[in-house]
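Input: a single structure, listed below in structure tokens.
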Amino acid sequence: MPPHETDGPQRLHGASFRAFPGGGPPLIDPTPPGRSQAMRRRLMVFCGVFLLCAIVSLAYNFLRPAVYRADARVQITPSAIAPSVASSGARDGTQDFMVELQIFSSRPLLEKVATRLAGGTAPANMDEAVLGLQDMLSLQPVAGTNVVQIEARGPDRQAVARLVNAVIEAYREQQASDGDTTSGQQLADAREALRVMDERVATRRKAMEDFRARSSIVSAERDENQTLARLKGLGASVAKNDEREAAAEGRVRALEQAAAAGTRSPAAKDNPTVANMEARLSQMREEYRALERQYTPQYLDMDPVAKAAKTRITNLEQQLESERAKGHQNALADAREELASARAAARRLQQQLGEDRQSAQVFTRNFAEFKAMEEDLKGLEQMRQTARQRALALEATVTERKPRLLVVEPAAVPESAWRPLYARDAGIALAGSLLLGFLAVWFVEFFNRPEPVVAGPSAVVISQPWVQSYPPGPALEAGASPQGVGYQPAAGAPMALLAQGLPRELEQREVHQLLAASAPEHLFVLVCLLCGLSADEVAALKVGDVDASGASLRVPGEGARVLPLLGPLAALQASGDPDVKDLPLLPSVSGRALSAADIASAVTSSAFDAALEQPQSVTPESLRHTYVAFLVRQGLRFGDLGRVVGPLSSETLNALAPLAPAGARQPLASVQRLMPAVAALDMPQG
């Protein structure tokens, strides 16, 4: 685009200058040339798009045909049809209402409506006429009532109102003509059902009476029949005799146990002779004990009165013992006689019960069958009663069983179109056209933006290491990366904000580029970091930590471990003076030990020299994390990870876990210890 058509200052030679008071540098005049041309372009674009869109949308809006709607509300009272004979539940009124509602859109009713609208003659193509009426009509019941709203929509405002009113009248006439036929058929069906039920009840009652006579069933009550009453009496007698036998057997056992133990018989307290003798013996013993309290034993042995009293006590004890033994024998004999009598009675009752049991079982089966027949008869009588009530209800409610129609609000001719809303849609069309005009201006100006021209020397801004362009804690794409040794994180945002809380992970390409561009004095530092050592561990390395004979490196510090000198690390065997083991293994240029800041500076300078993307995010921690992620992606066991890179916190292990591939973990001997970019490095010797 020519310079004079651009908007704003684009070329220094196209701008006018004015001198700054006091001899300062010239300033650019804020008023750019060509502003009127740009405004004219914007106005032309806006007006062209706005007018085109407005004309098309308004033409489409006003060319749409008008649709008119007429509606009416009617209340439908379904016919009060009595319950079915085979059903004991009441009929659902909602179902009857929905059935009547379907009649409004049925084909027979709409054929009558089409004939009525055509002036009394059937249309030539009745199918198309009925389909057209079905498309125009819609029925919407009012929730919770028997009121239905009938709507008709069409391009003719007079026709939609006539259609709704014609449907209502046709329904009224059809229900009036069909009501008498339906009522008569229902009444005839109810009377026929009542006649059939009367015949079945009579047949079932006669069969039940014949069966009762054959089975000698006197009454419907079970206990009033002779066979069952006798069987019940025998059962009661057997139970009573069993109790008697158990009591007699318990009495005999108690008497026998008392005799064996030498204790007083339980029946002795009921013998008056024994009780009298025990009273006399107790009195005599009390008198003798009174003498013992008054006189000495020697005097009592010589006193005839005392000797006679003692002799009477002894004789009375012998008589009492003899009387007790006699009473015990008598009681035992009575108990045994009672037990024998009870057992004999039990045998007689069991014999009699066994003789009557077979006849009782036959009677029980017949009685159960009789009761089942009686229950069936009750069910039939109940069904007959229901049929009788239904027939009586049908005879009494002939007019109530006809469906009734009440027009709540008839259809009126609509005054305005229902759809479309021309004014609203025209406003939407104008607003859309206005928005499209502004978008068109923005679209044109977006592609007409000029190239900026910088006046004077340009300034180059170099990103500093302390400026972090990445958000802290890069996000980890868990489980979304390919697995294996040759894995390369997806390119895009500068490498690897992979896991929240983890440093940046470098691609193998970036590692190779970093090592190739690093200074010779920084190469060993980078290799150690890329082999799992931290900055503090690299700074603490001494010459004595290298075991040349064993080709191993002892890493000092809290995570002390021994690493094999593989690949480029083997060059560390020739580093330093082996006689002075306390000297730093990787000294600085001045010969002193490296600090963590020196190592960070070496990494950052190497990243800038290698022209890595976002070099300020490359730190010693990111190099060590690159190596850790390299091992984890190979499936190394997390338990062996600390032997290579030192101890890791549980939070770091949780963040590294999504990098591990699925399947079984690999031991340390099964994984590649060096990254491909490090293994391919040719280190200088000495």
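Over the C-alpha trace of region 646-686, radius of gyration and Dmax come out as 14.9, 44 angstrom. Can you give the translational diffusion coefficient of region 508-679 in µm²/s, computed by Stokes-Einstein from the Kirkwood radius over Cα pairs at 4 °C and 1.567 mPa s? Using the Kirkwood radius from Cα pairs, D works out to 78 µm²/s.
Listed by chain and number, the lysines whose alpha-carbon sits under 27 Å from that of LYS326, ignoring those within fewer than 8 places in the same chain, are LYS269, LYS310. Counting other Cβ atoms within 10 Å as a rough exposure proxy, the listed residues CYS47, CYS531 run CYS47, CYS531 from fewest neighbours to most.
For LYS206, the lysines whose Cα comes closer than 26 Å to its Cα, not counting residues fewer than 8 places off in the same chain, are LYS371, LYS378. Counting neighbouring beta carbons within 10 Å and listing from fewest to most, the residues MET675, MET284, MET98 come out as MET98, MET284, MET675. Under the simplified labelling scheme, the ALA340-ALA600 pair shows an inter-label distance of 12.1 nm, with each label point 7 Å from Cα along Cα→Cβ. Report, in whole Å, the centroid distance computed from the Cα atoms of region 505-523 and region 598-619. Taking the Cα centre of region 598-619 as reference, the centre of region 505-523 is 9 Å away.
Compare the peptides 159-172, 106-119 by average per-residue count of other Cβ atoms within 10 angstrom and give them in order, highest first.
Working: 159-172: 20.6, 106-119: 16.4.
Per-residue mean Cβ counts within 10 Å order the peptides as 159-172, 106-119.
As a proxy for reagent exposure, LEU572, LEU529 were ordered by neighbouring Cβ count within 10 angstrom, fewest first; the result is LEU572, LEU529.
Dividing the Cα convex hull volume of region 596-654 by residue count, how many Å³ per residue is that?
109 Å³
Bear in mind that the values in this text are calculations on the coordinates, not laboratory data. Owing to the predicted nature of the structure, the values given are computational and were not obtained by experimental measurement. Cβ coordinates were reconstructed from backbone atoms using ideal geometry, including for glycine residues, and neighbour counts include every protein chain displayed.
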